[in-house]
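The values are calculated or read from the model by the stated rules, or taken from the named source; none is laboratory data. Quick caveat: nothing in here was measured; it's all calculated off a predicted structure. Counting neighbours? That spans all protein chains shown, and the Cβs are built from the backbone with ideal geometry, glycine included.
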Amino acid sequence: MEELLKQIIGRLDRIDNRIDNVERTMATKEDLKHFKETTDAEFQNIKQTMATKEEQLEIKKSINVLEENLRSDVMVLLIRLDHNVKELKSNIKHLDEVQERQQDVLELLSIRSIQQESELKLLQKVYETSKGSHYRDK
């Protein structure tokens, strides 16, 4: 049982590390805003320096591809995060079930211990009673 708990805790630690890695590699809203602002500023600079409409069109296409790639990357990260959260919830549920079973076992052991103490006291009384009557008979 302890080994199972250790395995579960180890797995939770690995999941936690994976989530930390996802969080470290995920772009924040500020990163995206900064990227958009930077891209917008670069685009304006390029627009001012470019001479032909064809070149401007190519630049717009490149930016659109970059934005689409970024959206795709964010979606992949969100899917991974969702999967990790579901896995974590499942593991937590399993841990709760294990703890509940352990609690049941502890309650059962407690009841058995109380029963055995009661039986020992009864045996002790019977012994003392029989010991006393044995001496009276002699």
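Quick rundown of the values:
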read-out	value
Pair list, Cβ < 9 Å and 6+ apart or interchain, from the stretch 64-88 residues that are more than 23 Å from Asp20 (Cβ to Cβ) to residues that are outside any helix (DSSP H, G or I) and not charged (D, E, K, R)	none
Considering residues of the stretch 43-81 that are hydroxyl-bearing (Ser, Thr, Tyr) and under 28 Å from Met26 (Cα atoms) only, the residue surrounded by the fewest Cβ atoms within 10 Å (Cβ to Cβ)	Ser72
Close pairs (9 angstrom Cβ cut-off, 6 or more residues apart or separate chains): closer than 19 Å to Glu3 by Cβ in the stretch 102-116, exposed (fewer than 10 other Cβ atoms within 10 Å of the Cβ) anywhere	Gln102/Met1; Val105/Met1
Flag if Ser90 is among the polar types (S, T, N, Q), under 30 Å from Glu2 (Cβ atoms) and surrounded by 10 or more Cβ atoms within 10 Å (Cβ to Cβ)	yes
Condition check for Gln102: within 30 Å of Asp13 (Cα to Cα) and part of a helix (DSSP H, G or I)	yes
Filtered residue count, the stretch 1-35, keeping only those that are out of contact with any Leu (no Cβ under 9 Å at 6 or more places or on another chain), outside any helix (DSSP H, G or I) and in contact (Cβ under 8 Å) with a residue 12 or more places away in the chain	1
Per-region count, the stretch 109-130, residues β-branched (Val, Ile, Thr) and more than 42 Å from the chain's Cα centre (by Cα)	2
Leading residue by the ranking (modelled with the lowest pLDDT) among those in the stretch 22-42 that are in contact with a helix residue (DSSP H, G or I) (Cβ under 8 Å, 6 or more places away or on another chain), more than 14 Å from Glu67 (Cβ to Cβ) and surrounded by 11 or more Cβ atoms within 10 Å (Cβ to Cβ)	Met26
Index of the failed condition, Ala51 passing every other in (1) modelled with pLDDT under 95; (2) assigned to a helix (DSSP H, G or I)	(2)
Any hit, the stretch 93-101, residues being of a type in the set (S, T, N, Q) and modelled with pLDDT of 95 or more	yes
Filtered residues of the stretch 23-56 (kept if basic (Lys, Arg) and under 30 Å from Asn84 (Cβ atoms))	Arg24, Lys29, Lys33, Lys36
